[in-house]
Every structure is written in structure tokens, then in C-alpha cells.
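In what follows, a single structure is set out as C-alpha cells and then discussed.
The values are calculated or read from the model by the stated rules, or taken from the named source; none is laboratory data. Keep in mind it's a predicted model, so treat the numbers as computed, not measured. Note that we place each Cβ from the backbone using ideal geometry, even for glycine, and neighbour counts take in every protein chain shown. Side chains included, ligands, DNA and RNA excluded: accessible areas come from the protein's heavy atoms. Shrake-Rupley method; radii C 1.70, N 1.55, O 1.52, S 1.80 Å.
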Amino acid sequence: MHLMSSELFTLTYGALVTQLCKDYENDENVNKQLDKMGYNIGVRLVEDFLARSNVGRCHDFRETADVIAKVAFKMYLGITPSITNWSPAGDEFSLILENNPLVDFVELPDNHSSLIYSNLLCGVLRGALEMVQMAVDVKFVQDTLKGDGVTEIRMKFIRRIEDNLPVGEE
């Protein structure tokens, strides 16, 4: 992604969040809205991603984590988060974003302390993974906008989604 288009995206995203803050009375609703929008983007983005990346089907959650961090984030946001804090069961990990391009030029106003500014990303990840039969829980656990040293997204594998064909379709 060119510098110009990533800056434009960052500023456009900022305008979107600002508008949502005006439209909804509290941060909780804005967070939900960002997640829902992200989810809808993720559902559509996965086809583009699979076509452009030539990534095959991932065999396990570790492989999925690698693809998300090293291919998807790099392709769409120009960054490569590190993967850390695996749970003993291997069903949970953290993505650490040294720098989150969505928050360039951003400062959270004091009256929006519970706003999860980049929550769109959680929705994108959830939506995209659902399209490849993985139900996951995705949430921010640290955020540089809130004074944390890094931005950390926690991903938990819930279950594999079975292919259920609608009735009457073979």
C-alpha cells in the first residue's frame, strides 16, 4: 500500500469513528458498531486475500496466526505484528502491534475513555476467519491510545464451523 493511500485510509477511518461517536450516545455502542462494520469487511475481504496471497488452507491455529500476522496485516496495513503469549492449549495467542497505522494522528478525548478506537480490526479478523470455518473471539487487551506500551489483540479459537449447506442445495 502506498504511503498516500495508507494515510488517506487512516484519516478516513478517523472521520468514520468521529461520526459514529456523534451518532451513538456511548462508547459501548460505537465499539459494537465498529466491530460489526469490521465483520462485514472481513467477510468480503477474505476472497480478495485468498486470491492475492495464494495462501492455502491452514491446518491449525498456529499456521493461521502466522498467516494473519505475516501475510494479511502486511498486505492490508503494511505492518507485521509479532505473535506471542500462546495459551498452553494452543487455542489462544496475542498479536502485538508495535505501531498501529489506524491511530496515527489520533488522541482519545477524555470523555471517550472506553472507546476501542481500532475495534474495526477485531471485526475484520472475526469475519474473515468465519469465512474459512473458524469461530474466534477477538479483542483488544492493550492499546497505545490508552497509555499502554503496545497494542495487543487477543485471539481465541472457539470452534471449527462445519459446512452446513442450506436445505435443498447439494
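Among the helices of the chain, those built from whole DSSP H runs whose Cα atoms reach 20 Å or more along their own axis and whose mean Kyte-Doolittle hydropathy is at least -0.5 are 3-23.
Could you sort Ser5, Ser87 by accessible area so the largest value comes first, with the probe set to 1.4 Å?
Working: Ser5 50, Ser87 20 Å².
Accessible-area ranking of Ser5, Ser87, largest first: Ser5, Ser87.
Annotation for the range 108-145 versus the range 1-73: alpha-carbon center distance of 9 Å. Applying a DSSP loop filter and a limit of 13 other Cβ atoms within 10 Å to the GluC sites (Glu not before Pro) in the range 1-60 leaves Glu25. Rolling a 1.4 angstrom probe over the chain with all protein chains present gives an accessible area of which 53% lies on carbon and sulfur atoms. One equal scatterer on each Cα of the range 1-92, no solvent, Debye formula: the resulting log10 I(q)/I(0) at q = 0.12, 0.13, 0.19 Å⁻¹ is -0.53, -0.62, -1.10. Per residue, the range 36-170 exposes 56 Å² of solvent-accessible protein surface, assessed with a 1.4 angstrom probe and all protein chains in place. Our Cα-only numbers for the chain put the radius of gyration and Dmax at 16.4, 54 Å. For the chain, the mean residue ellipticity at 222 nm estimated from helices alone is -13500 deg cm²/dmol, where every DSSP H run of n ≥ 4 contributes -39500 (n - 2.57) and the total is divided by all residues, rounded to the nearest 500.
Do any chymotrypsin sites (Phe, Trp or Tyr not before Pro) in the range 59-162 lie in a DSSP loop with no more than 14 other beta carbon atoms within 10 Å, and if so, which?
On the way: sites: Phe61, Phe73, Tyr76, Trp86, Phe93, Phe105, Tyr117, Phe140, Phe157; in loops: Trp86, Phe105, Tyr117.
In loop regions of the range 59-162 (DSSP not H, G, I, E or B), the sparsely surrounded chymotrypsin sites (Phe, Trp or Tyr not before Pro) are Trp86, Phe105.
Run through the range 48-119 and list the GluC sites (Glu not before Pro) located in a DSSP loop whose Cβ has at most 16 other Cβ atoms within 10 Å.
Working: sites: Glu63, Glu92, Glu98, Glu107; in loops: Glu98, Glu107.
Hits after loop and neighbour filter: Glu98, Glu107.
In the range 38-118 the Cα-Cα distances spread across 5 Å bins starting at 0 as 3, 12, 18, 21, 21, 14, 7, 4, 1 percent of all pairs.
How do Ile68, Ile41, Ile158 stack up against each other in accessible area, from largest to smallest, with a 1.4 angstrom probe? Walk me through the numbers before you get to the answer.
On the way: Ile68 15, Ile41 75, Ile158 95 Å².
Ranked list, largest accessible area first: Ile158, Ile41, Ile68.
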